[in-house]
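Asker: Sharing a structure with you now.
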């Protein structure tokens, strides 16, 4: 069944980005939030991002207006009933996701594909909550969604091959580069990236080098676009801790465990860029390393 109408669960940072690229790719798109305030915030963010593209002459005003015309916001789950694919992008909590999947399972037609943007939970644990495990896949986008090219397309041992192929080609139709992933917590990128950031924090705790020098070492020595601490601040230190905890439970390997320094910073509300302070202070024109007393 060709995909014509897309539903997006969540209109936050990731959900609004996913809704934007779907609407820009020509799909009728319905973005759902739990309340009007976060919905309007997400819709305004999409309008702002499209406006910036017009200003930079990367998008015509006509194409912007057409994309916005294909985009609808709602607080009603029932409005996703007619979608050919529903992409979930809410909080990284299994039961919160499964509560939505159970409701949508009864609302949507049997051919509708369910896709989760989870970065660490397994797709099988969501598929098991529905009566359509063969129609459940993972579509893991990366932040910022309109810019980042990669999408991890995840299949479980129960995913129907045709449903997987449809989801894979759908990701490609958004202008993304999809890769095939096994249904293992963290998939490809976070499986490797989370312990990398955790190891950097341990190196800082042990006095191997300063925050700035570790970041500079990984940028200049390995060609990374940003060092592990700038990256951790961008991801969100609380998010890193939560994802690491899920993966620790899945694999029982200490490399996914949060170092004591990370836990202390989270306790003090130092979440990174979103709180204005993490491994760096973002209150000025340029990030400045925070003195962590190490």
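What follows draws every value from the coordinates through simple rules; no lab data is involved. Keep in mind it's a predicted model, so treat the numbers as computed, not measured. Glycine gets a Cβ as well: all are built from the backbone with ideal geometry, and neighbour counts include every protein chain shown.
Asker: Does anyone have the angle between helix 13-24 and the longest principal axis of the chain? Alpha-carbon axes, 0 to 90°, nearest 10?
Answerer: Here the helix axis deviates by roughly 40 degrees.
Asker: With an 8 Å Cα cut-off and a minimum separation of 6 or more residues, compute the relative contact order for the chain in percent.
Answerer: Relative contact order, the chain: 13 percent.
Asker: Let me ask something else about it. Where in segment 122-153 does the amide nitrogen come within less than 18 Å of the point 7 Å from the Cα of residue 63, taken along Cα to Cβ?
Answerer: So the set is 145-149.
Asker: Could you check the spin-label model distance between residue 184 and residue 95? Points 7 Å from the Cα along Cα→Cβ, value in nm.
Answerer: 2.9
Asker: If I take R0 = 30 Å and measure r between the Cβ atoms of residue 158 and residue 283 in this structure, what FRET efficiency does the formula 1/(1 + (r/R0)^6) give, to the nearest 0.05?
Answerer: Step by step, r from the Cβ atoms, then E = 0.05.
Asker: If each DSSP helix of 4+ residues adds -39,500 (n - 2.57) and the sum is divided by the residues in the chain, what number results at 222 nm, nearest 500 deg cm²/dmol?
Answerer: Helix-only estimate at 222 nm: -14000 deg cm²/dmol.
Asker: Please give the length that would be gained between residue 54 and residue 212 if that part of the chain were fully extended, namely 0.36 nm times their separation in residues minus their C-alpha to C-alpha distance (nm, one decimal).
Answerer: 53.3 nm
Asker: Which one, 130, 103, 211, has the greatest fluctuation when you compute a Gaussian network model over the chain with C-alpha springs under 10 angstrom?
Answerer: Checking each option, the largest mean-square fluctuation is seen for 103.
Asker: Working out 0.36 nm times the residue gap between residue 76 and residue 292, then minus their Cα-Cα distance, what length gain in nm do you get to one decimal?
Answerer: Full extension from residue 76 to residue 292 adds 73.2 nm.
Asker: In the Gaussian network model of the chain, springs joining C-alpha atoms below 10 Å, which of 177, 33, 253 carries the largest mean-square fluctuation?
Answerer: Per the Cα network of the chain with a 10 Å cutoff, 253 tops the list.
Asker: Further question on the same structure: Within a 10 angstrom radius of the beta carbon, how do 149, 216, 176 rank from fewest other beta carbons to most?
Answerer: The fewest-first ordering by Cβ neighbours comes to 149, 216, 176.
Asker: Roughly how many whole Å is it from the C-alpha centroid of segment 224-267 to that of segment 96-114?
Answerer: 31
Asker: Any chance you could run the full-extension gain for residue 149 through residue 192? It's 0.36 nm times the residue separation minus the Cα-Cα distance, nm to one decimal.
Answerer: That works out to 13.7 nm of additional length.
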